[in-house]
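Asks: Below are the structure tokens for one structure; questions will follow.
Read the figures in this text as sums done on the coordinates, not as results from a lab. Just so it is clear, the structure is predicted and the values come from calculations on it, not from any experiment. Positions of Cβ are generated from backbone atoms using ideal geometry, with glycine treated the same way; all protein chains shown enter the neighbour counts.
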Amino acid sequence: DTAVSQTPKYLVTQMGNDKSIKCEQNLGHDTMYWYKQDSKKFLKIMFSYNNKELIINETVPNRFSPKSPDKAHLNLHINSLELGDSAVYFCASSQGPVEQFFGPGTRLTVL
Amino acid sequence: DAKTTQPTSMDCAEGRAANLPCNHSTISGNEYVYWYRQIHSQGPQYIIHGLKNNETNEMASLIITEDRKSSTLILPHATLRDTAVYYCIVRPANQAGTALIFGKGTTLSVSS
């Protein structure tokens with residue numbers, strides 16, 4: 001069973017569209033994250049939720065809106081997509097401070 | 001910004017030990033050293049962490065210098081599947097929910 005899953009794995013869309021990426025974890029963890037890996041392979045935190053509450057919100061355009069309907073899910077909605085949003089987005093989860101478990105990533109391509 | 005410095009790339013022969021260094025000269029007393037790796041096209045994977053004592057698990061060993069300003073991750077018998085980018089990260093202890101601050105990491109290439 002996959003611990004942290006993301007859908008879709010690939011997402012190709014036009015500029016200006018709105019899209020969502022879904023993340024689910026079956027580990028019973030309290031905390032979930034979204035990271036972005038850009039074309040230079042640089043990984044950076046975007047958001048973090050603990051028990052459905054936002055605890056980290058890095059300097060991310062407000063076109064990005066995370067939503068946590070329950071502890072096991074953290075979705076990422078992106079409005080008015082831009083070329084610069086093209087990246088691989090990773091969801092992760094953790095329980096306590098030690099290990100974060102990452103999903104397989106969603107490769108977003110904006111044309 | 002990442003508080004660590006790592007070599008950009010390293011090579012290792014299959015079956016030999018891979019020793020990956022990391023400098024973290026500004027590490028605080030309450031910060032742990034974590035190692036993650038990212039195999040091509042996959043999400044990062046936790047390897048090991050430590051505070052000041054050397055640590056070993058089924059994947060690797062972590063050697064931290066006495067002054068804690070540097071550390072070395074050791075993969076005792078590298079295989080082709082260990083080819084990946086290895087990230088050394090310092091992070092406050094016992095703070096659930098804190099983000100991982102990734103640097104550029106070391107690209108380890110294991111060859112036969």
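Asks: Fewest to most neighbouring Cβ within 10 Å: what's the order for A:L43, B:L80, A:L74, B:L51?
Replies: Numbers: A:L43 24, B:L80 10, A:L74 28, B:L51 14.
Sorted ascending by nearby Cβ count, the order is B:L80, B:L51, A:L43, A:L74.
Asks: Given the C-alpha atoms of the stretch A:54-100, compute the convex hull and give its volume per residue in Å³. Don't jump to the answer; show the numbers that get you there.
Replies: Details: hull volume 4.8 nm³, N = 47.
Convex hull volume per residue, Cα atoms: 102 Å³.
Asks: Further, regarding this structure: Any lysines with Cα under 25 Å of the A:K71 Cα? List them, leaving off those in the same chain fewer than 8 positions away.
Replies: Those lysines meeting the cut-off are A:K9, A:K19, A:K22, A:K36, A:K44, A:K52.
Asks: Averaging over every viewing direction, what projected area does the convex hull of the Cα atoms of the stretch A:1-110 cover, in nm²?
Replies: Numbers: hull surface 25.7 nm².
Dividing the Cα hull surface by four gives the mean projection, 6.4 nm².
Asks: Mind listing the lone cysteines of the protein assembly as shown, meaning no other Cys beta-carbon sits under 4.7 Å from theirs?
Replies: Among the cysteines of the protein assembly as shown, those whose Cβ sits 4.7 Å or more from every other are B:C12.
Asks: I'm checking a number: the convex hull volume of the Cα atoms of the stretch B:1-98, normalised per residue, in Å³. What is it?
Replies: Values: hull volume 10.7 nm³, N = 98.
Convex hull volume per residue, Cα atoms: 109 Å³.
Asks: Considering chain A as a Gaussian network with a 10 Å cut-off on Cα pairs, which listed residue, A:N62, A:N51, A:N26, attains the greatest mean-square fluctuation?
Replies: Result: A:N62 has the largest fluctuation of those listed.
Asks: Could you compute the FRET efficiency for A:S65 and B:S28, with r as their C-beta to C-beta distance and R0 at 35 Å, rounded to 0.05? Mind dumping the intermediate values first?
Replies: On the way: r = 34 Å, r/R0 = 0.96.
That gives a FRET efficiency of 0.55.
Asks: In whole Å, what are the Cα extents of the stretch A:1-45 along the three principal axes, biggest one first?
Replies: 36, 22, 17
Asks: With Rg and the Kirkwood Rh both taken from Cα atoms, where does Rg over Rh land for the protein assembly as shown? Provide the component values of the computation, followed by the final result.
Replies: On the way: Rg = 17.8 Å, Rh = 18.1 Å.
Over the Cα atoms of the protein assembly as shown, Rg/Rh equals 0.98.
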